[in-house]
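**Q** Have a look at this one before I ask anything.
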Amino acid sequence: MVRVVIESELVRTEKELPNSLKLRQFKDRLYHVTGVEPEDMEIVVKRQYDNKEIYSTKKGGAYSNEDEDANFLKGEEELIVVVTDSNAQSISNQLATQAEGIPSMEVISEEDYLRRDQSVLRWKMAHGYGRFNAAQQSQRAALAKQDEAYAREQLTAAIGRHCRVTVDGSAPREAILRYVGPLPLDVMGTWCGVEFPEAAGKNDGRINGVTLFGPVAPGHGSFVRPRAVEILSEDEESAEVEDVHDDVESDDEI
């Protein structure tokens with residue numbers, strides 16, 4: 001774990017973060033603290049003891065590959081992370097504008113922040129935003145429950161079979177089901193490891209240094225939610241299926 005001071009227009013607090021986070025996971029942690037949407041973040045990371053900048057990114061810049069390790073977390077130095085919201089119309093910037101004239105920021109504990117009546121977190125809770133959207137969370141929970149049942153009842157016994165993978169409306173891709181189970185990442189639920197006949201995936205069967213299947217050729221593996229996998233019938237398996245791949249980014253494929 002590494003101790004990090006997180007600063008934004010609305011909050012300054014201390015957290016302990018795992019050293020093994022990916023960039024995507026790091027941004028997600030910052031979002032839950034600052035309220036700044038990941039796609040709007042401009043981030044500067046500095047060492048606390050000498051204030052030297054060791055990492056920075058502009059919107060849409062250095063995060064082109066969010067599956068890379070956040071290597072700046074791997075040292076033992078305490079860090080300062082400054083998060084700027086590049087979206088002038090965002091909720092956090094509007095709240096910051098309303099807060100002009102309020103005395104300068106102070107370091108508060110997470111417990112004290114949770115008790116505050118006026119904060120980004122309280123605003124989200126009051127307006128049902130993000131993880132406080134009950135309908136959205138209920139829908140996600142229902143999908144997760146369906147995924148678990150489908151994986152347990154049908155997919156686990158189908159490892160090694162040909163399948164069709166469809167993620168977020170992208171064109172179906174033919175693959176072979178290689179793995180069903182959890183991932184060594186900060187993500188919940190069951191995932192399916194699939195091997196594509198060509199480089200239509202995102203990895204080689206390894207995640208966070210752990211081999212879950214293969215390894216296969218680079219770019220021939222991916223991990224998707226069970227609902228994205230359809231096991232082919234014997235007739236379909238024997239038929240030649242054209243594999244078409246659209247490069248569509250989705251949180252349901254790793």
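The values are calculated or read from the model by the stated rules, or taken from the named source; none is laboratory data. Since the model is a prediction, treat every value here as computed from it, not as a measurement. FYI the Cβ positions are ideal-geometry reconstructions off the backbone, even for glycines, and counts take in every protein chain you see.
**Q** Tell me, please, whether a residue that is within 22 Å of Ile254 (Cβ to Cβ), touching a Lys or Arg at 6+ places or on another chain (Cβ under 6 Å) and either surrounded by 14 or more Cβ atoms within 10 Å (Cβ to Cβ) or modelled with pLDDT under 85 (or both) can be found in segment 25-38.
**A** Here is the first cut: in segment 25-38, the ones within 22 Å of Ile254 (Cβ to Cβ) are 25-32, 37-38.
Filter again for touching a Lys or Arg at 6+ places or on another chain (Cβ under 6 Å), leaving 38.
If we keep only those that are either surrounded by 14 or more Cβ atoms within 10 Å (Cβ to Cβ) or modelled with pLDDT under 85 (or both) too, we end up with 38.
Scanning segment 25-38 turns up at least one residue that is within 22 Å of Ile254 (Cβ to Cβ), touching a Lys or Arg at 6+ places or on another chain (Cβ under 6 Å) and either surrounded by 14 or more Cβ atoms within 10 Å (Cβ to Cβ) or modelled with pLDDT under 85 (or both).
Table: residues versus (1) touching a strand residue (DSSP E or B) at 6+ places or on another chain (Cβ under 9 Å); (2) modelled with pLDDT of 75 or more; (3) farther than 23 Å from Leu17 by Cα; (4) assigned to a loop (DSSP other than H, G, I, E, B).
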residue: Glu66; (1), (2), (3), (4): yes, no, no, yes
residue: Gly75; (1), (2), (3), (4): yes, yes, no, yes
residue: Val81; (1), (2), (3), (4): yes, yes, no, no
residue: Thr84; (1), (2), (3), (4): yes, yes, no, no
residue: Ala88; (1), (2), (3), (4): no, yes, yes, yes
residue: Asn93; (1), (2), (3), (4): yes, no, yes, no
residue: Glu100; (1), (2), (3), (4): no, no, yes, yes
residue: Tyr113; (1), (2), (3), (4): yes, no, no, no
residue: Gln118; (1), (2), (3), (4): no, no, yes, yes
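**Q** Would you list the strands (runs of 3 or more DSSP E) that sit entirely within segment 141-203 and hold 2 or more residues that are touching a residue at least 60 places away in the same chain (Cβ under 8 Å) and on the phi < 0 side of the Ramachandran plot?
**A** Numbers: elements: 162-165, 173-181, 191-195.
So the answer is 162-165, 173-181.
**Q** Shifting gears a bit: Which of the numbered conditions does Ile43 fail, given that it passes all the others? Conditions: (1) buried (at least 19 other Cβ atoms within 10 Å of the Cβ); (2) modelled with pLDDT under 90.
**A** (2)
**Q** Taking segment 115-168 as the region of interest, how many residues are over 30 Å from Gly214 (Cα atoms) and among the β-branched types (Val, Ile, Thr)?
**A** So the count comes out to 1.
**Q** Moving to a separate point now. Within segment 204-232, work out how many residues are over 16 Å from the mean Cα position of the chain (by Cα), buried (at least 16 other Cβ atoms within 10 Å of the Cβ) and without any contact (Cβ under 8 Å) to a residue 60 or more places away in the chain.
**A** So the count comes out to 9.
**Q** Could you please let me know if Ala158 is surrounded by 13 or more Cβ atoms within 10 Å (Cβ to Cβ), small (Gly, Ala, Ser), over 19 Å from the mean Cα position of the chain (by Cα) and modelled with pLDDT of 85 or more? Reasoning before the result, please.
**A** Numbers: surrounded by 13 or more Cβ atoms within 10 Å (Cβ to Cβ): yes; small (Gly, Ala, Ser): yes; over 19 Å from the mean Cα position of the chain (by Cα): yes; modelled with pLDDT of 85 or more: yes.
It is true that Ala158 is surrounded by 13 or more Cβ atoms within 10 Å (Cβ to Cβ), small (Gly, Ala, Ser), over 19 Å from the mean Cα position of the chain (by Cα) and modelled with pLDDT of 85 or more.
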